[in-house]
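Since every read-out is calculated from the coordinates, none of them should be taken as a lab result. Model, not experiment: these values are computed from the prediction. Using ideal geometry, Cβ is built from the backbone for each residue, glycine included, and neighbour counts are taken over all protein chains shown.
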Ligand code: PHE
């Protein structure tokens, strides 16, 4: 069940709210690292991630472009803004064990079941999550490691405990932080990227310890005060009333839950004040004092929320430069997680938040794709331990193209499938993808969609020719047809498609013909080199085909 160790080297229910910080929030009714590769002696039905092979099955939907990201390891480049932020946060929690090198490949049990996600929770769907296969996926949040790390501490699992950067801080993982890359299928825009980073915090106490704190009324004694080095204060605006909708768990006494909530709030207030104070200082020294308004007070508020693995649960927001910023999800850990870890006499709190949004704010980074840039004009701007304001290099002209296609008739279309195809073909050149038109043919009932794709490179000009080559509306169109046909595995329908007057383009016919041959032979037995050569002739690459095959095989 334990995931491998990293060696260093919407059809959503209405009430699920999308957010870039937390995925699983449901509003209450109140309102060695090795590169992944597709080559080598693996069987064609295997998928390789970070040097290990996994069986493919009909759940497999992780694309090569996404798998490539598992090897990037941004948190281990000391002058990368995300690594700088990670270190700043680690520093705020010196008594916690610090983990930043746990593999992103986890079991569905770790990511969902261990945390009490219902079997039909929308987060489990293949349209939201990158699956390696039915039982294995790329973690969608760092909470996937809660039970694993608690259990490792309890059992004294030395292999896992040895991954902590500061093994003496909390040798039994009674308090820990996990910083890691997480993966979610999502739309494409300036603040969403299918890979981002999260920080998880878990803090447990023995019940005896809590009784003592309650008796001594000294919550504050176990934390620092919320005043930062330069005197800023986190003002607490706490209007939350613990009610039926956000209840204290039956296993907990009211005062135990209250102690945990207070302790958690104070620790988090401290962290936020320290970090935002640094952001203000960076803005000042970059000459942006006006904008920062030299903010010295940071009001925070706690809003009722719901997560399957905490109760009561909140969302922390802080007022920064006139806007309420959502910082993190948090709450009192569900007792069964601690029990499953064998920690029957302990209770605890947990938080989780996204690093990108905070880093964009701290460093003034305007586009989430920049974190993945290897342009020295980006990477050269930052230094370990320092928050400095990003100086934009000239913005390159954008180029937009519209793509329209018929929706597959016998299967559901999900936007995230399109997003992954676009990423697969154009990578980080895509800045945004927006639906601009949908149409249903009045007679045939066939439905089509038109999307506008906005191309803009972070680090160079993109030429029209380049985009045209990537784009080819017909290529996408054909990809959809292929997908549909492979799903149906129906030779007749392929032949029909070849003969369809709408596929007038000779290339389209060729592609469909090749598809027909592949389906006919069975893609798995087909000679890969033969296929590759044939595909090259018609300008369709094998990666794209493999991708389609992954989605539907
Ligand atoms: N894992 C949650 C998410 O990504 C955030 C969270 C962590 C909430 C810990 C509560 C406690 O949405």
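Quick notes
- Projecting label points 7 angstrom from Cα along Cα→Cβ for residue 393 and residue 127 puts them 3.9 nm apart.
- For residue 216 and residue 297, a Förster radius of 25 Å and the Cβ-Cβ distance give a FRET efficiency of 0.25, rounded to the nearest 0.05.
- The order of the peptides 261-268, 203-210 by mean Cβ neighbours within 10 Å, most packed first, is 261-268, 203-210.
- Available extension along the chain between residue 413 and residue 344 is 20.2 nm, counting 0.36 nm per residue and deducting the alpha carbon span.
- Between residue 113 and residue 57, the modelled labels are 1.1 nm apart [label points 7 Å from Cα along Cα→Cβ].
- Each peptide in 67-74, 162-169, 124-131 was scored by the mean count of other Cβ atoms within 10 Å over its residues; highest first, the order is 124-131, 67-74, 162-169.
- Rg in Å to one decimal, and Dmax rounded to a whole Å, for region 68-379 via C-alpha atoms: 19.2, 57
- When peptides 374-380, 182-188 are sorted by average Cβ neighbour count within 10 Å, with the highest value leading, the order is 182-188, 374-380.
- Förster radius 51 Å - calculated FRET efficiency between residue 386 and residue 448 (Cβ-Cβ, nearest 0.05): 0.50
- Once both labels are positioned 7 Å from their Cα atoms along Cα-to-Cβ, the gap between residue 206 and residue 254 label points is 2.8 nm.
- Extension gain for residue 158 to residue 172 (0.36 nm times residue separation, less C-alpha to C-alpha distance): 4.0 nm.
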